[in-house]
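As structure tokens, the structure follows; a few thoughts come after it.
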Amino acid sequence: MKKEKNDSMDKIISLAKRRGFVFPSSEIYGGFAAVYDFGPYGVELANNIKKEWWKAMTQLRSDVVGLDAAIFMSPKVWEASGHVKGFSDPLTECRKCHGRLRLDTLLEDIGVAADEKMSEEEINQIFDANRDKIKCPTCGAQDFTPGRSFNLLVQSNLGNFTGDWTKEPVYLRGETCQGIYVNYKNVLDSARVRIPFGIAQIGKAFRNEITARQFIFRTREFEQMEMQYFIHPDQTKEVYENWKKIRWQFYLDLGFKEENLKWHQHENLVFYAKEAYDIEYNFPFGFKELEGVHARGNYDLTQHGQASGTNFEYLDPATGEKFIPHIVETSVGVGRTFLAALCEAYREENLNGEERVVLSLPARLAPIKVAIFPLLKNKPELVARAEEIYHALRQKFRCEFDDNGNIGKRYRRQDEIGTPYCVTFDFDSLEDGAVTVRERDSASQERVKIEDLEKYLAPKLG
Ligand code: GAP
């Protein structure tokens, strides 16, 4: 079973590379660990995921506004947030091959409960009791250094003219939500919002992850889609439960099967958190975190209020009560959603005696919505008319023109990138003004008048 699952991950990685979804970063130089690039179809899929999230979280809600804060922030932000001191994972090093490994993952792999929030002392105790069972995944040795906390913040030399990084560390943001907290008052004062309200943001985050495993599941540069909802403390339970429902439904609306999702409740809450659940997705390597839905109390605004001397108290216009807002956060990675969408959509099947790979992506996520083909490449009258259709349809939908190889081969290629509809202009089209429209999942074909094409496709493509 485990092998089957690994095989399916390998197949998804291979398709992602072969069909231009994901490339290893700087591949011609041997790659750059835990960093990936989205290719021509990958960028479309990632953009569609972001569009769906942005629409659900801002456009369809009158109580959430958007923000796009800068990646660079004052180093004071990361001091106040606790990241400089406490944003770390437990690290050990194999004394033989010098590979660096996450200690909590090594323990998990042998079935011993551990997590990254444990203190250095706690996790080392568990480590010492289990050393004889743990082998280095690279060289098999059993000789490791004691575990130590490794800070995940990535430093830069922005604005550092002394060259001394320890004196003026400037970080690339480790999570996007800090940009939301420090702008809370700007938004409140400028955007006609009243508590309860939320601020949503999509943007890059950077973490010096110790181990790079599982393709784009855990990367050192990634994008987050985060929303912070500001509330009166008495509203926590109701608001939290509501956001849990909304976020669960988001994945069902994306076409994810419910049996591939589950809730995971955090056992070791960070000291300020009131409630923390993750939505886990059934990746080929097991159920793993997709999104966090956390009730963070008033920790974030209190910390930034104290450190910056800003008064974050909210004055309730109805009751006259003053309080520091509490926060319910929803946070998910674009890359993780992307990987889950690929896993959910990937199918191998036999279609009329022929094997095919198909990505059954919902039309809203599909990188290309319609592919347009002339039946034959060397018939100018077919090519010209197919091109006309392509130019007309691409005003409305993301389209692709393809005249390469036989039609069967073109269908296979579009199936693999998840294109819901293929349109072929053939010799009959010259006579009847109609084209063949082929649907991806059923492979069923229909003749549709050229002048009706847009009307025919629009409702199907949502
Ligand atoms: N502001 C809260 C926060 O950042 P997190 O659990 O560290 O919480 C939230 O991250 C989400 O961001 C995760 O559920 C995951 O989807 C994504 N994420 C975190 N680290 C990641 C990484 N190294 N690579 C890809 N995605 C990551």
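Readers should treat all values here as calculations from the given coordinates under stated rules, not as data from a laboratory. Because the structure is predicted, anything quoted here is derived from the model rather than measured. We place every Cβ from the backbone using ideal geometry, glycine too, and count neighbours over all the protein chains shown.
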- Leaving out same-chain residues fewer than 8 places away, which aspartates and glutamates sit with a Cα under 14 Å from that of K409? E354, E355
- Message: Per DSSP helix of 4 or more residues, -39500 (n - 2.57); summed, then divided by the residues of the chain. What does that give at 222 nm, rounded to the nearest 500?
- Response: -10000 deg cm²/dmol
- Message: Go through the cysteines of the chain and tell me which have no other cysteine Cβ under 4.7 Å away.
- Response: C177, C343, C399, C422
- Can you list the HN-Hα couplings for region 373-386, worked out from phi with the Karplus curve (6.51, -1.76, 1.60; θ = phi - 60°), rounded to whole Hz and with x for Gly and Pro? 10, x, 4, 10, 6, 9, 10, x, 5, 6, 4, 4, 6, 5
- What lysines sit close enough to K167 to cross-link, taking a C-alpha to C-alpha distance under 16 Å and skipping anything fewer than 8 places away on the same chain? K76, K85
- Mind ordering 225-232, 252-259 by average Cβ neighbours within 10 Å, highest first? 225-232, 252-259
- Query: Quick one: what Rg and Dmax do you get for the chain from the alpha carbons, in Å?
  - Reply: 25.6, 80
- What is the fewest-to-most order of W263, W53, W248 by other Cβ atoms lying within 10 Å of their Cβ? W263, W248, W53
- Note on the structure: Here region 198-212 yields Karplus 3J(HN,Hα) values (6.51, -1.76, 1.60; θ = phi - 60°; whole Hz; Gly and Pro given as x) of x, 10, 10, 8, 10, x, 6, 9, 9, 9, 7, 4, 6, 10, 9
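Work out how much length F271 to E451 would gain on full extension: take 0.36 nm times their residue separation and subtract the Cα-Cα distance, in nm to one decimal.
58.5 nm
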- Per its Cα gyration tensor (rounded if a/c is under 1.5, else prolate when a/b beats b/c, else oblate), region 368-461 is best filed as rounded
- Task: Can you tell me how much longer the chain between E259 and K17 gets when fully stretched, taken as 0.36 nm per residue apart minus their C-alpha distance, in nm with one decimal?
- Result: 84.3 nm
- Note on the structure: Restricted to region 368-461, the DSSP antiparallel beta bridge percent, nearest 5, is 55
- Whether region 162-214 is rounded, prolate or oblate, judged on the alpha carbon gyration tensor where a/c under 1.5 counts as rounded: oblate
- Item | Proximal lysines to K51, defined as alpha-carbon separation beneath 25 angstrom and excluding residues fewer than eight positions away on the same chain | K17, K204, K244, K245, K257, K262, K288, K369, K396, K455, K460
- Query: Just the Cα atoms of region 88-151: what Rg and Dmax do they give in Å?
  - Reply: 10.4, 28
- chymotrypsin sites (Phe, Trp or Tyr not before Pro) restricted to DSSP loop in region 70-156 with at most 14 other C-beta within 10 Å: none
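Would you mind classifying region 88-223 by shape? Square roots of the alpha carbon gyration tensor eigenvalues, ordered a ≥ b ≥ c; an a/c under 1.5 is rounded, otherwise it is prolate if a/b is larger than b/c and oblate if not.
Details: a/c = 2.66, a/b = 1.87, b/c = 1.42.
Since a/c reaches 1.5 and a/b is larger than b/c, the shape of region 88-223 is classed as prolate.
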- Query: Relative to the longest principal Cα axis of the chain, at what angle does helix 334-345 sit, 0 to 90 degrees, rounded to 10?
  - Reply: 40
- Note on the structure: For the chain, the longest principal axis of the Cα atoms and the Cα long axis of helix 236-253 enclose an angle in degrees, to the nearest 10, of 30
- On a 0 to 90 degree scale, rounded to 10, what angle separates helix 120-130 from the longest Cα axis of the chain? 70
- Query: Full extension from R356 to T310: what is 0.36 nm times the residue separation minus their Cα-Cα distance, to one decimal in nm?
  - Reply: 10.6 nm
